[in-house]
Amino acid sequence: MSEDDGSDIEEVKDASVEESDMFKRILKQRKKIQSMRQKHNQLLMLHNADINKVASPYLQLNSNILNAFVLSLEDKDVLLEEQVPAHCIPIRADVREFDWEQLGSTIKFDCIMMDPPWQLACANPTRGVAIGYSQLMDQDIKNMGIKHIQDHGFLFIWVINAKYSFAFDLFKEWGYEFVDEVSWIKRTVNRRLAKSHGYYLQHAKETCLVGVKKRKIDGVEQEIEFNKEVKLSDIIFSERRGQSQKPEEIYKLIEQLVPNGKYCEVFARKNNLHDYWVSIGNEL
């Protein structure tokens, strides 16, 4: 056998290996797509879920609303399968154009949390720290139809120092009473203060303001229903996370405060998705 014949055989073997690897990759991709489709179908069928098993009343959402709002697998920018918890309903939307009234006609939330992309006051408000998201004008935030998706309940707003006054204006505009605040003290993996950006002082904490909206019956305000048995702290002490990623403890706090409630996060991001939450944001 000549050297040329041996070379031809080696080339055939190499081609065979490449084809085999390609076939394996295609099978793997098909399985992934099939799994994503199954998860999508699961989301669309959540309204039929056994409430005793999933322990979250909001899953009784109308299927038409789910079909209208939930992310479509046909979307090229769909979230990766592993990023979407099984019982989370992610809605990609620009809050300035979102149909709040349509969502509110199907569900009213017990708790709403938001971390607005506040418009900063000057060109270099954080002394060189990059902001990795688009900012929104105050009026655009105020124009959101929060009134359509909550008749009564809790509203949690993460706020920066420059927007405290405006956040209180939002509570008043939307019909809420400011009642409390939660402070997230950030730490490093070594349990030291995780100092971050700041103009005059470097910040090592974030603040979440808490408001309540009470319903009236025959003109009389009714007390908000919440879990009075659990003793929840207004301090969260946990590790600093990615930019705009809030601590897991805030979700647990809200879920303990109002067990088996209907939860919504506005301005949600990919790294903030949680089971039994409707997550709305244009970065999903």
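A short reminder: the numbers here are calculations on the coordinates, not readings from a lab. Quick caveat: nothing in here was measured; it's all calculated off a predicted structure. All Cβ positions, glycine included, derive from the backbone under ideal geometry; neighbour counts span all protein chains shown.
Length available on full extension from PHE237 to GLN135: 0.36 nm per residue minus the Cα-Cα distance, which gives 34.0 nm. Roughly how many whole Å is it from the C-alpha centroid of segment 163-194 to that of segment 246-284? Segment 163-194 and segment 246-284 have Cα centres separated by 16 Å. For the pair TYR164 and THR207, the difference between a 0.36 nm per residue extended length and the Cα-Cα distance amounts to 14.5 nm.
Taking square-rooted eigenvalues a ≥ b ≥ c of the alpha carbon gyration tensor, is segment 88-281 rounded, prolate or oblate, where a/c under 1.5 means rounded and, failing that, a/b exceeding b/c means prolate? It comes out prolate by the Cα gyration axes. The Rg/Rh ratio for segment 172-272, using Cα coordinates for both the radius of gyration and the Kirkwood hydrodynamic radius, is 1.03. Cross-link pairs exceeding 30 Å between alpha carbons, from the set LYS186/LYS262; LYS205/LYS262; LYS108/LYS228; LYS186/LYS270; LYS186/LYS214: LYS186/LYS214. Modelled this way, with points 7 Å down the Cα-to-C-beta line, the labels at LYS214 and LYS252 are 3.2 nm from one another. Of the peptides 151-163, 179-191, 213-225, the order by per-residue mean of other Cβ atoms within 10 Å, starting with the highest, comes out as 151-163, 179-191, 213-225.
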